[in-house]
Structures are given as C-alpha cells and as structure tokens.
1. Among the lysines in chain A, how many pairs, 8 or more places apart or on different chains, have alpha carbons under 29 Å apart?
2. Could you size up the charge dipole of the protein assembly as shown around its Cα centre, putting +1 on the beta carbon of Lys and Arg and -1 on that of Asp and Glu, and report it in debye to the nearest 20?
3. Restricting to DSSP H runs of at least four residues, report the calculated mean residue ellipticity at 222 nm for chain A, -39500 (n - 2.57) per run over all residues, nearest 500 deg cm²/dmol.
4. Can you sort B:Ile86, A:Ile102 from fewest to most other Cβ atoms within 10 Å of each residue's own Cβ?
5. Can you tell me the dipole magnitude for chain B around its Cα centre, using point charges on the Cβ only (Lys, Arg +1; Asp, Glu -1), in Debye to the nearest 20?
6. Using the Cα centre of the range A:17-107 as origin and beta-carbon charges of +1 (Lys, Arg) and -1 (Asp, Glu), tell me which of A:Met40, A:Pro20, A:Phe91 is placed farthest towards the positive end of the dipole.
7. Among residues other than A:Met40 whose Cβ falls under 15 Å from its Cβ, what is the net charge (Lys/Arg +1, Asp/Glu -1)?
Protein chains: 2
Amino acid sequence: MKIGYKIWLDNHGKAFGEGPYALLKRVLETSSLHRAARQMGMSYSKAWRLLHTVEKRLGVLLLERKIGGSSGGGSKLTVEARDLVIRYERFRRDAERSLEEIYQRHFGSTSGELWK
Amino acid sequence: MKIGYKIWLDNHGKAFGEGPYALLKRVLETSSLHRAARQMGMSYSKAWRLLHTVEKRLGVLLLERKIGGSSGGGSKLTVEARDLVIRYERFRRDAERSLEEIYQRHFGSTSGELWK
C-alpha cells in the first residue's frame with residue numbers, strides 16, 4: 001500500500017496543477033508553445049486554451065508572445081509565470097516529502113502489520 | 001488563492017479515501033449499513049458494493065454482519081476497519097496541517113505580492 005494524492009492551486013476552482021505546470025515548463029525549455037504542445041501530444045489550440053484558462057483563473061499573464069522576427073516568433077514566459085513554475089516545483093517537492101513521511105507515520109511498517 | 005488537494009490510500013489503484021471513510025464512520029456511529037447509506041443519500045446496494053470493493057483492494061474485511069436476532073440485525077466494523085478509521089483520521093489531519101503550512105511557505109503573503 002502507498003499514499004496517493006493530487007495537489008493544485010485553487011482560486012474559486014482548480015487553477016493550476018500538474019498539466020499546466022508541465023506545459024509551462026516545456027515552454028520555458030523550448031521557447032515555443034508549439035513545441036511544448038507537441039512534446040505533450042496536445043494540439044496547439046488546446047495548449048493555448050489551457051494557458052488562457054489558467055491566466056484568467058490566476059489573474060496573471062503567463063506568456064509573452066513574440067510575433068514574427070527573423071526567428072519566426074516563439075513564446076516566452078512572463079516574470080510571473082517563471083516565478084510560478086519555481087514556486088510550484090518547491091511547493092510540490094515539499095508536499096511530496098511531507099505526505100510520504102505522514103503516510104509512513106500512520107500506515108508504515110512500524111504502525112502495525114495490517115497495512116502493507 | 002488557496003491549496004486544493006485530494007489524498008487517498010492506493011493499493012494498485014485508489015483503495016480508500018473520503019467516500020469510504022465517511023461511510024465507515026457512519027456505520028461506526030449507527031451500527032447499521034442501512035442507516036449509514038441513508039445518511040449519505042446512497043442506496044444500500046451501492047454502499048455495500050463500495051465497501052466490498054474496498055475490502056478487495058485492501059485485502060481486509062471491514063464489516064461483521066449480524067444477521068437477524070431480536071434487534072433485526074445490523075452492521076459492525078471489524079477490528080481492522082476501526083483501526084483503519086482511526087489511522088485515516090490522524091493521517092488526514094496531519095496531511096491537512098502540513099499541506100496548509102507548505103502552501104503558506106511558498107505562496108503565502110510573505111512569499112510575494114503576486115499570489116493572493
């Protein structure tokens with residue numbers, strides 16, 4: 001047996017969790033929402049709608065769109081989005097460690113023979 | 001903004017979480033799966049199937065069925081089920097406190113003005 005969990009940021013409804021995080025992280029790495037969407041097996045329009053929904057729910061802009069230019073455009077995270085990615089990664093890491101520790105405390109091998 | 005989360009016990013799939021917990025707790029209080037199901041707005045057969053699924057997934061019996069007798073029968077939790085209810089309540093309480101603290105650490109008012 002093990003612990004199962006999901007965590008997310010809530011702002012009058014689910015606002016930011018694993019899916020948007022994974023997408024933003026890939027935009028950060030590839031500087032392109034097109035490439036980020038493709039890596040996640042998601043259409044560009046679905047990826048765009050997903051981030052637009054998150055922007056509305058959090059009340060911050062996530063993407064700076066660079067239109068055209070010699071490089072053919074691309075997408076860059078705003079300062080707020082980069083801050084969100086970093087905070088979310090630390091938040092998730094601490095939550096994971098803590099929940100595992102709490103699970104072990106109550107259901108781990110020293111807590112009784114029943115719950116393996 | 002606030003943290004949102006779900007936690008459960010996983011044993012090759014979701015095995016025990018809020019729904020089964022609430023049902024077991026009511027069986028404990030009412031000594032009757034019929035009354036527990038009614039309190040949750042759930043049919044008796046659905047409640048029975050839910051607990052049967054949990055029994056299979058956890059590999060323990062949860063209910064002792066008392067058939068007939070002057071009181072007309074009823075349902076009682078096994079020792080294992082009572083132990084599970086108590087452990088789960090403590091596990092959930094600790095998880096809630098810890099997740100709230102971790103959320104505040106990374107997104108609380110001292111962490112920046114963006115995330116309110």
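Values quoted throughout were computed directly from the atomic coordinates according to the rules given, and no laboratory measurement underlies them. Note that the coordinates shown come from a computational prediction; the quantities given were computed from them, not determined experimentally. Here the Cβ positions follow ideal geometry from the backbone for every residue, glycine too, while neighbour counts run over all protein chains shown.
1. Lysine pairs, 8 or more places apart or on different chains, close enough: 24.
2. Taking the Cα centre of the protein assembly as shown as origin, the dipole is about 660 debye.
3. -18500 deg cm²/dmol, from helical runs alone.
4. Working: B:Ile86 12, A:Ile102 23.
Taking fewest neighbouring Cβ atoms as first place, the list is B:Ile86, A:Ile102.
5. 400 debye
6. Checked the options; the winner is A:Met40.
7. Local net charge: +4.
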